[in-house]
């Protein structure tokens, strides 16, 4: 990949930090915008992104349950902000990578969702992210929409670290076993984003999740094993933990679009967890 200047919006977040790290590892020039550095909801974005070759939008309102009561606030960032950034990228001739989510689907499938599956969100977070995708598409920007799911990373709160901490404190944890997804390391998503741009992938939608599938209980079991914690793990249904926002029961995404453009999908979730676990649980 010839050297480029990248801008990363939301660079202080769990994914954003790994995107910056991956790009710097590759010798790229990176402008890292953290919260307060660049407001995608208000103001002129053109001067900030001018001179970038690629902008990666990792900024999002990700408080899934909170969004149910504050949908306008989520919409401002996830939809309006995404559309404004896409329009600015179009005007400045900058390629955009926009990060989206499995929550754009309703979770009623039983096979991996293809990239072309129609969105059918069931939560405020999912609705705002789905609208953000559509605004990016309608903007006319040269945009890659990259959906991911079940993220964990070294920077910030994550499921395996939380479960290990609870198990150590209590000696037992209950974890849902009726939601299926693909635990995915943020470092792997960062690699896919960089590879897509390196491959000059055409504008469109791509899925960056690990291969295979697991329940949250499966992931908890793997986390406890990696941490060497001997605790009682009890599988329960989602109704044991009622939440304001509906969780998709099936969040398994297909990767045909990556394969079609010559980008290697992320490996099996269990193998990637084995590689990531020491860093995540440190």
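The values are calculated or read from the model by the stated rules, or taken from the named source; none is laboratory data. Quick caveat, the model's predicted, so the values are computed rather than measured. Note that each Cβ is placed from the backbone with ideal geometry, even for glycine, and that neighbours are counted across all protein chains shown.
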Only one of 82, 67, 88 that is farther than 22 Å from residue 186 by Cα, crowded, with 21+ Cβ neighbours inside 10 Å and under 18 Å from the mean Cα position of the chain (by Cα): 67
Counting residues that are in contact with a strand residue (DSSP E or B) (Cβ under 6 Å, 6 or more places away or on another chain) and at pLDDT 95 or above, which helices (runs of 4 or more DSSP H) fully inside the range 1-111 reach at least 1? 14-25, 46-49, 82-92
Within the range 8-19, restricting attention to residues that are in contact with a helix residue (DSSP H, G or I) (Cβ under 8 Å, 6 or more places away or on another chain) and free of Cβ contacts under 8 Å to residues at least 60 places away in the same chain, which residue is farthest from residue 154 (Cα to Cα)? 8
Within the range 112-158, residues part of a loop (DSSP other than H, G, I, E, B), over 28 Å from residue 279 (Cβ atoms) and touching a helix residue (DSSP H, G or I) at 6+ places or on another chain (Cβ under 7 Å) come out as 114, 115, 119, 121, 123, 139, 140, 141
Going by what's in this entry, would residue 238 be described as touching a residue at least 60 places away in the same chain (Cβ under 8 Å) and within 30 Å of residue 26 (Cβ to Cβ)? no
Within the range 158-170, residues being touching a residue at least 24 places away in the same chain (Cβ under 8 Å) and either under 14 Å from residue 225 (Cα atoms) or under 24 Å from the mean Cα position of the chain (by Cα) (or both) number 8
Working only within the range 195-211, note down all residues that are more than 22 Å from residue 281 (Cα to Cα) and either in contact with a strand residue (DSSP E or B) (Cβ under 9 Å, 6 or more places away or on another chain) or without any contact (Cβ under 8 Å) to a residue 40 or more places away in the chain (or both). 196, 197, 200, 201, 202, 203, 204, 205, 206, 207, 208
Among (1) touching a residue at least 60 places away in the same chain (Cβ under 8 Å); (2) touching a helix residue (DSSP H, G or I) at 6+ places or on another chain (Cβ under 6 Å); (3) within 15 Å of residue 203 (Cα to Cα); (4) crowded, with 22+ Cβ neighbours inside 10 Å - the single one residue 99 does not satisfy: (2)
Have a look at 55, 104 and point out the one that is in contact (Cβ under 8 Å) with a residue 12 or more places away in the chain, crowded, with 20+ Cβ neighbours inside 10 Å and closer than 30 Å to residue 2 by Cα. 55
Could you please let me know if residue 256 is over 20 Å from residue 56 (Cα atoms) and more than 19 Å from the chain's Cα centre (by Cα)? no
Complete set of residues in the range 194-243 that are within 30 Å of residue 90 (Cα to Cα), touching a helix residue (DSSP H, G or I) at 6+ places or on another chain (Cβ under 6 Å) and part of a helix (DSSP H, G or I): 194
Give the residues of the range 159-172 that are buried (at least 22 other Cβ atoms within 10 Å of the Cβ) and touching a strand residue (DSSP E or B) at 6+ places or on another chain (Cβ under 7 Å), sorted by residue number. 163
